[in-house]
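K.L.:
For reference, the structure I am asking about is given below.
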Amino acid sequence: MKKLGIFVDDANMFYAKRKAGVRIDYASLKSQLEQHFDVQFVNYHMVMPAKWDTSYTPSVLYKSELPSFISMHEKPMKYIKIKNPDGTYSKKRKGDIDMELAIDVLHNLDNLDAVLVFAGDSDYVALRREVAGRGKKIAFASFSETIAWELRKGPHVLLDEVVNAENKAPSTGLGVLLRSLLYSNEEIMSNETVDKPKS
């Protein structure tokens with residue numbers, strides 16, 4: 001089986017799944033992928049608010065509910081002081097992790113055949129170009145209403161369609177879809193012949 005690394009942009013997925021009204025079951029999706037790929041790891045990139053922030057406790061709770069197979073990569077939330085029109089000051093949150101995730105992908109790329117990134121931001125187009133330039137496969141998983149059109153031009157999976165079809169037919173599972181997106185039948189058959197144990 002092809003070696004697959006999974007990378008999750010929590011900030012990107014949080015707002016996208018909330019807009020789509022879809023819950024992501026990472027254990028189920030990993031199970032679907034493992035039927036067709038040798039899943040090496042799931043690296044989850046998350047921005048953590050400061051302890052005084054009202055979103056800190058919900059973030060800790062959410063993190064604690066993620067499956068144990070997920071490897072957490074945390075980055076502290078940044079707070080920027082801005083002046084309001086009325087002269088008062090407030091703090092603006094900033095917590096992008098696309099750069100950290102991209103570096104993580106590139107650090108692990110030599111040991112992978114393919115990469116699946118849970119994100120839909122157009123900033124990842126540069127990562128797609130770099131991964132493809134190194135002869136590796138990459139696809140993105142996001143939602144139909146929030147995935148950037150630039151990412152739609154390459155291999156991508158719409159999670160709202162996968163989740164809604166999950167109990168209808170095995171042919172719509174994430175593993176099947178991803179394998180057909182990234183590899184031709186010839187590549188799949190050749191790889192399975194090589195990986196097949198000798199009797």
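The values are calculated or read from the model by the stated rules, or taken from the named source; none is laboratory data. This one's a predicted model, so the numbers in the text were calculated from it and none came from an experiment. A quick note on method: Cβ atoms are made from the backbone with ideal geometry, for glycine too, and the neighbour counts reach across all protein chains shown. For accessibility, only protein heavy atoms count, side chains too; no ligands or nucleic acids. Shrake-Rupley method; radii C 1.70, N 1.55, O 1.52, S 1.80 Å.
K.L.:
Give the residues of region 78-98 that are among the acidic types (Asp, Glu) and either exposed (fewer than 10 other Cβ atoms within 10 Å of the Cβ) or within 21 Å of Tyr56 (Cβ to Cβ) (or both), sorted by residue number.
P.N.:
Asp86, Asp96 - these are the residues of region 78-98 that are among the acidic types (Asp, Glu) and either exposed (fewer than 10 other Cβ atoms within 10 Å of the Cβ) or within 21 Å of Tyr56 (Cβ to Cβ) (or both).
K.L.:
Sticking with this one: Filter region 44-54 down to residues that are surrounded by 14 or more Cβ atoms within 10 Å (Cβ to Cβ) and either polar (S, T, N, Q) or assigned to a helix (DSSP H, G or I) (or both), then give me how many there are.
P.N.:
0
Listed here are the residues, each with its yes/no results for (1) charged (D, E, K, R); (2) over 17 Å from the mean Cα position of the chain (by Cα); (3) at pLDDT below 90.
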| site | (1), (2), (3) |
| --- | --- |
| Ile6 | no, no, no |
| Tyr15 | no, no, yes |
| Ser28 | no, no, no |
| Pro58 | no, yes, no |
| Leu66 | no, no, no |
| Ile70 | no, no, no |
| Ser90 | no, yes, yes |
| Asn108 | no, no, no |
| Val117 | no, no, no |
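K.L.:
Restricting attention to region 33-87, which residues are of a type in the set (S, T, N, Q) and in contact (Cβ under 8 Å) with a residue 24 or more places away in the chain? Before the answer, list the steps.
P.N.:
Here is the first cut: in region 33-87, the ones of a type in the set (S, T, N, Q) are 35, 40, 43, 54-55, 57, 59, 64, 68, 71, 84.
Within region 33-87, Gln35, Gln40, Asn43, Ser71 qualify.
K.L.:
Could you tell me which residue of region 1-43 is surrounded by the fewest Cβ atoms within 10 Å (Cβ to Cβ), considering only residues that are of a type in the set (A, V, I, L, M) and in a strand (DSSP E or B)? Spell out how you get there, then give the answer.
P.N.:
Narrowing region 1-43 to residues of a type in the set (A, V, I, L, M): 1, 4, 6, 8, 11, 13, 16, 20, 22, 24, 27, 29, 33, 39, 42.
Okay, now just the ones that are also in a strand (DSSP E or B), so 4, 6, 8, 39, 42.
On the way: Leu4: 26, Ile6: 24, Val8: 26, Val39: 19, Val42: 23.
The selected residue is Val39.
K.L.:
Consider Thr146 against the criteria (1) out of contact with any Gly (no Cβ under 6 Å at 6 or more places or on another chain); (2) open to solvent by 40 Å² or more (accessible area, probe 1.4 Å): it satisfies all of them except one. Which criterion is unmet?
P.N.:
Evaluating Thr146 over (1) out of contact with any Gly (no Cβ under 6 Å at 6 or more places or on another chain); (2) open to solvent by 40 Å² or more (accessible area, probe 1.4 Å) leaves (1) as the failure.
K.L.:
Next up: Report whether or not Val115 is open to solvent by less than 50 Å² (accessible area, probe 1.4 Å) and either in contact with a Pro (Cβ under 8 Å, 6 or more places away or on another chain) or not small (Gly, Ala, Ser) (or both).
P.N.:
Details: open to solvent by less than 50 Å² (accessible area, probe 1.4 Å): yes; either in contact with a Pro (Cβ under 8 Å, 6 or more places away or on another chain) or not small (Gly, Ala, Ser) (or both): yes.
Spelling it out, Val115 is indeed open to solvent by less than 50 Å² (accessible area, probe 1.4 Å) and either in contact with a Pro (Cβ under 8 Å, 6 or more places away or on another chain) or not small (Gly, Ala, Ser) (or both).
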